[in-house]
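The structure under discussion appears below in the form of structure tokens.
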Amino acid sequence: MSVFDLTAQSGRSTIVAGGKTKTWGINGPILGPTLRARRGEAVRIDFRNTLDEATTLHWHGMHLPAKADGGPHQMIAPGKTWHPEWVVNQPAATLWYHPHPHGKTERHVYRGLGGMFILDDDQDAALSLPRDYGVNDIPLIVQDKTFDSGGQLVETSRRDNGMIGDTILVNGTAAPYLDITAELTRLRVLNASTARSYNFGFSDDRTFAIIGTDGGLLSTPVEATRTLLTPGERIEIVIRMRPSETVRLRSYPQDLGLWGARPQTSGANDTADIIELRAAATLTPSPNLPGRLNEIERLTTDLAATTRTFDLNNNRINGQAMDMARIDETVTVDTTETWEVWNSDEQAHNFHVHDVQFQILDIDGTPPPPELAGWKDTVYIPPGSGVTLIMRFTEYTDPTTPYMYHCHMLWHEDQGMMGQFLILRPGQEPAYQPPTNEHHH
Ligand code: C2O
Ligand code: CU
Ligand code: CU
């Protein structure tokens, strides 16, 4: 068993000129360690909350028992500890962890709580991919923040979509660079911003290979010059560099399907440098990428017993705001379902489901492009559009504890664009008791 000791703490970080920034972190002043586990491995977390308010830690993208999920039902009061355990049973992937206290997730993530959780398996290990962590396999946690003249985080500059910051940080650092030492480098990119989406590309418009998305490797590498990443999503890309050259990973203006003033309030017109990559004079040779990365079992509608529909609008789902006292959906274990999710709003929304990785069957009736055809747990849905998702619920049932689904633009989630689902055995009755005191643990 792997045991991870994690402590949520407040601290001060040197990020911008003007002053040390008050931030929150896990085992340090900002962000947290990269956790890593193999498929089949048992994991236990020893989480201690030394903050002066209750929080949670949620394992985004992880298939695990509802009680271990770290959503709003597993609040950890100040001074308390929490010890979730599970066995990793899903493909190699770049997952992440972050707080999930109902109504406060945006602020807790913005202050700096979060980190990556990388899963490994034999399938991934057998491929000739860059996998030397910190050398040619690099985690990039991308976030935008606004600082005042004293260097403190501004937490009040919200627009429709939440806070859009003017300073981009990678792994908690402003204006970062990375020394490149190999011909091929794998970048595991996480959009851990609360509201901003990124349209990543390189400053010379070079082609890169997308090899993985939220839930693991794609079936084949996908060549691209741009790729959109909305809050909560991850993408693994491989970039080839020549000796001594420099190139910037950049976010370009993006088409989120918004009109009027909304692209501006979502930051969709912005161009921003993310990180500068500086290649050494001599680079370690890298084998070419494999042509085939993964066998992805296709889930098809004939397998699906149930179809549910979700309409995202005005910080509600199907007209209702998140209520801890209400179970919205009840799912039967070992069944496959299709979820049709619509954005009937004029704002940008995405959709994230806990416990499962899904496949996108269609976007407005059209099959997804190859980079959206792998395992996903978060998907962007432009205004006026709909996606059909297919997912299989396996292994864990709990009549007392729900999982969440929600928009991952965290201000929207906090405002109520979230719902709860139970997974039950066939014939099992729900036995859900709404929390009476969320600080009791
Ligand atoms: Cu990344 Cu419900 O969360
Ligand atoms: Cu999640
Ligand atoms: Cu939203």
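List of remarks:
- Some residue of the range 378-390 being over 19 Å from Gly232 (Cβ atoms), surrounded by fewer than 18 Cβ atoms within 10 Å (Cβ to Cβ) and not aromatic (Phe, Trp, Tyr): yes
- Taking the conditions (1) within 21 Å of Gly216 (Cβ to Cβ); (2) surrounded by fewer than 16 Cβ atoms within 10 Å (Cβ to Cβ) in turn, Thr301 satisfies each one other than (1).
- Highlighted here are the strands (runs of 3 or more DSSP E) found entirely within the range 155-241 that include at least 3 residues which are not aromatic (Phe, Trp, Tyr): 167-170, 177-182, 184-191, 208-213, 216-224, 227-229, 234-240.
- Of the residues screened, Asp398 is not one that is within 16 Å of ligand 3 (Cβ to nearest atom), out of contact with any Ser or Thr (no Cβ under 8 Å at 6 or more places or on another chain) and part of a loop (DSSP other than H, G, I, E, B).
- Of all the criteria given as (1) within 30 Å of Ala182 (Cβ to Cβ); (2) surrounded by 17 or more Cβ atoms within 10 Å (Cβ to Cβ); (3) assigned by TED's automatic domain parsing to the domain that holds Asp270, the one not satisfied by Gly115 is (3).
- Test: residue in the range 90-113 that is away from ligand 2 (no atom under 16 Å from the Cβ) and over 26 Å from Ser10 (Cβ atoms): yes
- Here Thr436 clears all of (1) without any contact (Cβ under 8 Å) to a residue 12 or more places away in the chain; (2) in the same structural domain as Glu329 (by TED's automatic domain parsing) except the condition numbered (2).
- Filter pass, Thr55 being closer than 24 Å to Arg188 by Cα, within 19 Å of the chain's Cα centre (by Cα) and at pLDDT 95 or above: no
- Subset tally (residues that are out of contact with any Ser or Thr (no Cβ under 7 Å at 6 or more places or on another chain) and under 20 Å from Arg262 (Cα atoms)) for the range 113-163: 2
- Number of positions in the range 289-313 that are of a type in the set (S, T, N, Q) and without any contact (Cβ under 8 Å) to a residue 60 or more places away in the chain: 4
- Qualifying residue in the range 250-263 (condition: more than 28 Å from Gly114 (Cβ to Cβ), more than 21 Å from the chain's Cα centre (by Cα) and surrounded by 16 or more Cβ atoms within 10 Å (Cβ to Cβ)): no
- Within the range 29-52, the set of residues being over 30 Å from Glu395 (Cα atoms) and either at pLDDT below 95 or crowded, with 17+ Cβ neighbours inside 10 Å (or both) comprises Pro29, Ile30, Leu31, Leu51.
- Of the residues making up the range 104-125, at least one is of a type outside the set (Lys, Arg) and free of Cβ contacts under 8 Å to residues at least 40 places away in the same chain.
The values are calculated or read from the model by the stated rules, or taken from the named source; none is laboratory data. Everything quoted here is computed from the prediction, not taken from an experiment. Every residue, glycine as well, gets a Cβ built from its backbone with ideal geometry; the counts of neighbours run over all protein chains shown.
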